[in-house]
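Asker: One structure is given below, represented as structure tokens, and several questions about it will come after.
The values are calculated or read from the model by the stated rules, or taken from the named source; none is laboratory data. As the structure is a prediction and not an experimental result, all values here were calculated from the model. Neighbour counts run over all protein chains shown; Cβ positions are idealised from the backbone, glycine included.
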Amino acid sequence: MKTSVDKLSDTRVKLTVNVPFDELGKEIDQAYAAIAQQVTIPGFRRGKAPRQLIDARFGRGPILEQVVNDMLPTRYEQAVVENELNPIGQPEIEVTKIEDNDLVEFTAEVDVRPEIEVPDFSGISVTVPAISVDDAAVDEELDNLRARFGELQDTKRKLKTDDYAVIDLTAEVNGEKIEDASADGLSYQVGSDDLIKGLDTALRGMKTGEDNEFTATLLHGEHKDKEATVKVHVQQTKERKLPELDDDFAQLASEFDTVEELRESTRGQLEESKKAQQAADIRDEVLKAALATTEFALPESVVEEQVHNRLHQLLGQLAHDENALAQLLEAQGTTREEFDQQSREQAEESVRTQLFLDAVAEKEEPEVSQQELTDHILFTAQSYGMDPNQFVMQLQQSGQIANLFADVRRGKALAAAISRTSVKDDAGNEIDPNEYFGEVEDEAQAEAQAEAQGAAQAENEEN
């Protein structure tokens with residue numbers, strides 16, 4: 001077999017492969033055997049007809065077609081290996097010549113991984129937010145916990161931020177009621193600012209039974225961007241009563257007997273959460289700094305595939321209804337052109353990051369154990385809210401185990417590279433990246449590293 005490679009661009013090549021017939025003996029035998037099993041020729045048992053009779057009855061065309069179909073995958077893979085190519089995606093194969101008893105020639109155009117020069121990570125310095133857990137942060141977290149056990153109670157006083165109200169809304173444009181912007185008996189938390197601009201201002205200071213009105217610009221529907229008169233009527237006012245932060249509450253809301261134990265546990269949880277966030281911040285900043293020093297072309301077909309997959313996934317959620325997509329984009333305040341542009345930018349960033357991490361993995365050459373792969377599969381299944389056994393079955397059916405293996409390898413390679421960088425927090429304190437990205441020694445450190453590697457998976461999971 002003879003091969004040649006023409007470089008079409010920095011990310012695409014054209015393989016030309018010539019395969020002599022004397023190398024196709026196995027495929028020719030298989031082709032005759034397959035056709036002999038499919039046809040019935042008088043005087044011969046099925047599968048026993050001689051080749052000459054098959055050629056005479058059906059011609060060489062079906063044989064050659066079967067031979068070519070059988071040989072293409074293996075000869076393409078052989079050509080890729082011989083020429084040390086790193087293909088990305090599926091090749092575009094064209095059979096250019098078939099000369100019976102002489103040779104078969106085909107070409108394969110395919111995107112390949114670009115040449116990427118990985119920077120020296122020991123020269124990278126980054127700054128990340130400092131870890132700070134003060135009493136106010138602990139109090140806020142405890143207040144959030146109290147809110148989960150709070151109860152809504154009627155109140156006669158004026159509404160203020162964080163109170164709840166049951167309201168009727170009526171929006172009119174030039175005296176015409178706009179049904180899409182009107183509602184009765186709507187429960188609303190004052191200050192949430194997620195309904196109509198100006199509603200929170202109108203509600204503050206109102207009491208049960210009172211009415212108010214204001215003007216607002218409609219953001220959706222056929223009257224989009226028009227000024228509307230919005231009338232609001234308050235049916236009920238409620239406030240959330242929180243339980244006292246005492247030992248009784250600690251016993252109700254946790255496994256602790258005293259509020260001080262609950263407070264210390266909350267502080268510890270916040271610190272661990274901050275550490276996990278700091279690990280992710282270090283990873284993001286180092287990766288950003290490394291990418292900023294590295295320029296390489298992106299395979300256009302891979303980017304296009306990601307753009308297509310993103311759109312196909314979104315349309316699948318909308319039953320492939322283009323009108324529903326248009327309405328969704330309008331509700332989000334964006335256009336189809338803006339959506340397409342954003343999708344392309346996200347796809348380019350995702351492909352760029354994955355290609356770079358693959359190059360880092362080639363340079364670092366980390367080893368991935370079976371236990372590490374298993375842990376990553378369990379972590380990923382948990383992030384999707386799936387049963388691990390069911391998740392593994394889906395991975396096996398779709399042939400995605402290799403992709404998760406690559407995720408782990410990229411994560412380990414990046415962790416090894418990050419451990420050589422210089423890191424400070426914004427308070428000027430030196431941070432040892434090995435605390436998060438060195439050899440995992442305890443559960444807390446493992447969780448922090450998993451958080452950082454989870455960010456890598458989120459960027460690469462569509463590839």
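Asker: Can you name the condition, by its number, that Val80 falls short on among (1) assigned to a helix (DSSP H, G or I); (2) under 20 Å from Gly25 (Cβ atoms)?
Answerer: (2)
Asker: May I ask you to list the residues in the stretch 36-50 that are under 54 Å from the mean Cα position of the chain (by Cα) and either surrounded by fewer than 14 Cβ atoms within 10 Å (Cβ to Cβ) or not aliphatic (A, V, I, L, M) (or both)?
Answerer: Initially, the stretch 36-50 is screened for residues under 54 Å from the mean Cα position of the chain (by Cα), giving 36-40, 46-47.
Within the stretch 36-50, Gln37, Gln38, Thr40, Arg46, Gly47 meet the criteria.
Asker: Can you name the residue in the stretch 255-289 that is of a type in the set (Gly, Ala, Ser) and touching a residue at least 60 places away in the same chain (Cβ under 8 Å) and is also farthest from Pro119 (Cα to Cα) among such residues? Steps first, answer last, please.
Answerer: Filtering the stretch 255-289 for residues of a type in the set (Gly, Ala, Ser) gives 265, 268, 273, 276, 279-280, 289.
Adding the requirement that they be touching a residue at least 60 places away in the same chain (Cβ under 8 Å) leaves 276, 279-280, 289.
Working: Ala276: 26, Ala279: 21, Ala280: 20, Ala289: 10 Å.
Across the stretch 255-289, the extreme among qualifying residues is Ala276.
Asker: Identify all residues within the stretch 186-207 that are surrounded by fewer than 18 Cβ atoms within 10 Å (Cβ to Cβ) and not charged (D, E, K, R); write none if there are none. Step through it out loud before you land on a result.
Answerer: Taking the stretch 186-207 first, the residues surrounded by fewer than 18 Cβ atoms within 10 Å (Cβ to Cβ) are 186-187, 189, 191-195, 197-198, 201, 204-205, 207.
Result: Leu186, Ser187, Gln189, Gly191, Ser192, Leu195, Gly198, Thr201, Gly205.
Per-residue answers, yes or no, for (1) hydroxyl-bearing (Ser, Thr, Tyr); (2) touching a strand residue (DSSP E or B) at 6+ places or on another chain (Cβ under 8 Å); (3) at pLDDT below 85:
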residue: Ser4; (1), (2), (3): yes, yes, no
residue: Val13; (1), (2), (3): no, yes, no
residue: Met71; (1), (2), (3): no, yes, no
residue: Val81; (1), (2), (3): no, no, no
residue: Glu84; (1), (2), (3): no, no, no
residue: Ile88; (1), (2), (3): no, yes, no
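Asker: Hey, another quick one. Contact list please: Cβ distance under 7 Å, first residue in the stretch 81-92 and of a type in the set (Val, Ile, Thr), second residue surrounded by 13 or more Cβ atoms within 10 Å (Cβ to Cβ), pairs at least six apart or on different chains.
Answerer: Ile88/Asp111; Ile88/Val112; Ile88/Arg113; Ile88/Pro299; Ile88/Val302
Asker: Something else now. Condition test on Asn460, is it of a type outside the set (Val, Ile, Thr) and modelled with pLDDT under 65? Steps first, please.
Answerer: Details: of a type outside the set (Val, Ile, Thr): yes; modelled with pLDDT under 65: yes.
Yes: the conditions hold for Asn460.
Asker: Considering only residues of the stretch 352-391 that are exposed (fewer than 13 other Cβ atoms within 10 Å of the Cβ) and acidic (Asp, Glu), which is farthest from Pro114 (Cα to Cα)?
Answerer: Among those residues, the one meeting the criterion is Asp387.
Asker: Thr161 passes all but one of (1) among the polar types (S, T, N, Q); (2) out of contact with any helix residue (DSSP H, G or I) (no Cβ under 9 Å at 6 or more places or on another chain); (3) within 21 Å of Glu213 (Cα to Cα); which number fails?
Answerer: (2)
Asker: Against the condition among the aromatic types (Phe, Trp, Tyr), within 30 Å of Val138 (Cβ to Cβ) and not assigned by TED's automatic domain parsing to the domain that holds Leu328, how does Phe214 come out, does it pass? If you could, list the steps in order and put the result at the bottom.
Answerer: Values: among the aromatic types (Phe, Trp, Tyr): yes; within 30 Å of Val138 (Cβ to Cβ): no; not assigned by TED's automatic domain parsing to the domain that holds Leu328: yes.
So Phe214 does not fit the description; no.
Asker: Does at least one position in the stretch 281-292 carry a residue that is at pLDDT 95 or above, touching a Lys or Arg at 6+ places or on another chain (Cβ under 8 Å) and not basic (Lys, Arg)?
Answerer: So far as the stretch 281-292 goes, yes, one or more of its residues are at pLDDT 95 or above, touching a Lys or Arg at 6+ places or on another chain (Cβ under 8 Å) and not basic (Lys, Arg).
Asker: Provide a single number: the residues in the stretch 124-139 that are surrounded by 12 or more Cβ atoms within 10 Å (Cβ to Cβ) and either of a type in the set (A, V, I, L, M) or free of Cβ contacts under 8 Å to residues at least 60 places away in the same chain (or both).
Answerer: Of the residues in that region, 9 qualify.
Asker: Looking only at residues that are within 26 Å of Asp425 (Cα to Cα) and surrounded by fewer than 17 Cβ atoms within 10 Å (Cβ to Cβ) in the stretch 243-266, which one is farthest from the chain's Cα centre (by Cα)?
Answerer: So, considering only residues that are within 26 Å of Asp425 (Cα to Cα) and surrounded by fewer than 17 Cβ atoms within 10 Å (Cβ to Cβ), the one farthest from the chain's Cα centre (by Cα) is Glu264.
Asker: Would you confirm whether any residue within the stretch 145-164 is in contact with a strand residue (DSSP E or B) (Cβ under 6 Å, 6 or more places away or on another chain), buried (at least 17 other Cβ atoms within 10 Å of the Cβ) and not in a loop (DSSP other than H, G, I, E, B)?
Answerer: Within the stretch 145-164 (the criterion being in contact with a strand residue (DSSP E or B) (Cβ under 6 Å, 6 or more places away or on another chain), buried (at least 17 other Cβ atoms within 10 Å of the Cβ) and not in a loop (DSSP other than H, G, I, E, B)), the answer is yes, since at least one residue qualifies.
Asker: Here is a follow-up. Test Ser254 against the stated conditions and say whether it is outside the structural domain of Leu355 (by TED's automatic domain parsing) and out of contact with any helix residue (DSSP H, G or I) (no Cβ under 9 Å at 6 or more places or on another chain). Reasoning before the result, please.
Answerer: Details: outside the structural domain of Leu355 (by TED's automatic domain parsing): yes; out of contact with any helix residue (DSSP H, G or I) (no Cβ under 9 Å at 6 or more places or on another chain): no.
For Ser254, the condition - outside the structural domain of Leu355 (by TED's automatic domain parsing) and out of contact with any helix residue (DSSP H, G or I) (no Cβ under 9 Å at 6 or more places or on another chain) - is not met.
Asker: Report every pair of residues separated by at least 6 positions or lying on different chains whose Cβ atoms are under 7 Å apart, first residue within the stretch 143-155 and among the β-branched types (Val, Ile, Thr), second surrounded by 11 or more Cβ atoms within 10 Å (Cβ to Cβ) and in a strand (DSSP E or B).
Answerer: Thr155/Thr237; Thr155/Lys238; Thr155/Glu239
Asker: Check off (1) over 21 Å from the mean Cα position of the chain (by Cα); (2) surrounded by 14 or more Cβ atoms within 10 Å (Cβ to Cβ); (3) farther than 17 Å from Phe437 by Cα for Glu337 and give me the number that stays unchecked.
Answerer: Answer for Glu337: the failing condition is (2).
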